[in-house]
1. For the subset of region 71-95 comprising residues that are among the hydroxyl-bearing types (Ser, Thr, Tyr) and open to solvent by 10 Å² or more (accessible area, probe 1.4 Å), which member is nearest to the chain's Cα centre (by Cα)?
2. With the structure loaded, tell me whether Arg26 is within 18 Å of the chain's Cα centre (by Cα) and open to solvent by 60 Å² or more (accessible area, probe 1.4 Å) or whether it fails that test.
3. Out of the residues in region 225-246 that are open to solvent by 10 Å² or more (accessible area, probe 1.4 Å) and aliphatic (A, V, I, L, M), state the one that is modelled with the highest pLDDT.
4. In region 111-121, which residues are surrounded by 15 or more Cβ atoms within 10 Å (Cβ to Cβ) and either touching a residue at least 60 places away in the same chain (Cβ under 8 Å) or not in a loop (DSSP other than H, G, I, E, B) (or both)?
5. Exactly one condition in (1) at pLDDT 95 or above; (2) crowded, with 20+ Cβ neighbours inside 10 Å is not met by Glu280; state its number.
6. Determine which single condition Ala59 fails, assuming it passes every other condition in (1) outside any helix (DSSP H, G or I); (2) in contact with a strand residue (DSSP E or B) (Cβ under 9 Å, 6 or more places away or on another chain); (3) over 18 Å from Phe149 (Cα atoms); (4) open to solvent by 10 Å² or more (accessible area, probe 1.4 Å).
7. From the list Val106, Val144, which residue is surrounded by 21 or more Cβ atoms within 10 Å (Cβ to Cβ) and in a loop (DSSP other than H, G, I, E, B)?
8. Taking the criterion of being assigned to a strand (DSSP E or B), at pLDDT 95 or above and among the hydrophobic types (A, V, I, L, M, F, W, C), would at least one residue in region 210-224 satisfy it?
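The values are calculated or read from the model by the stated rules, or taken from the named source; none is laboratory data. If you're wondering where the values come from, they're calculated on a predicted model, not measured in any experiment. Here the Cβ positions follow ideal geometry from the backbone for every residue, glycine too, while neighbour counts run over all protein chains shown. To get the accessible areas, we keep the full protein, side chains included, count just its heavy atoms, and leave off ligands, DNA and RNA. Shrake-Rupley method; radii C 1.70, N 1.55, O 1.52, S 1.80 Å.
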Amino acid sequence: MNFTDYLQSNCPILLDGAMGTLLDSRGYDLPAPVWSAKILEEEPEAITNIHREYLDAGAQLLTTATFRTTEYVYQQVGTPKIAKDLNSRAVQCARDAIGDQENRFVAGSIAPIEDCYRPDMVPERETLYSEHRKQAEWLVDAGVDCLLFETMNSIGEAAVCGRIGEELGTPTFISYTANSVDTILSGEPVRDAMESAAQFNSLGVLINCTRPEITAAILSQYSGTVDMPLGGYANLGLSNPEQGGTISGTLAPEEYAKIVSRWPIDNLALVGACCGSTPEHIRALADLFS
């Protein structure tokens, strides 16, 4: 069964959890600007093993470890030509983890070109289109089941991504990060962001890398009011993430599951967890949905 058909009959899909903050918590060095991509370069088996842990916990959709695997980022460290191979390697890590398991899928993760928490740094539209299009093509060619444009902090960049998804004819999710119930990180209204995403042939519009209580409020407020499915995977920290992935005061798995239980689950396409989460958080969600 392909991913779109599976999604239509098995909502909500259970996404995996964090990669970068989990690697950080286990002592791996994640230097700027490539961050977790360094581990993909040097120790890809660590990525595969984490994917396996999330699958064992109940995840149905794995996100590729491609948070900083763009030519745009690798130009900064002088090796842009390896970016394409890293995207292929990331997809292979997820596929190796899945093996012959049925109804387990891979989402190609594409983050903002610049810093996720700096909407003031969003490049011009031509650069956005060129860089996102290249990475999307690499991920599709490597065999992902869908694209996940995540942690989008502005409507403009998300709209470029939505257009690319349509052009490639690939199932796509668009996910924003918000700083309040009313606004995404750029200060633009959440409703405008959702309505913009709804213009494209997307599988759903999501909220991620956002505090749990804000995520819950947005999903509750907009469930049934926009013409597309919603979903969410919140940060597990009680403070906002810092550059480098450090967060503080993470919620325990059972605490996060309790918060998610109050989300409009029946109306959501996808549920998971973001920064600070672990396989145990995904296991708690799997128990909640069982």
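1. Only one residue fits best here, namely Ser88.
2. On the way: within 18 Å of the chain's Cα centre (by Cα): no; open to solvent by 60 Å² or more (accessible area, probe 1.4 Å): yes.
In short, no.
3. Only one residue tops the list, namely Met228.
4. Selection gives Asp115, Cys116, Tyr117, Pro119.
5. All conditions pass for Glu280, except number (2).
6. (4) is the only condition that Ala59 fails.
7. Of the residues listed, the single one that is surrounded by 21 or more Cβ atoms within 10 Å (Cβ to Cβ) and in a loop (DSSP other than H, G, I, E, B) is Val144.
8. no
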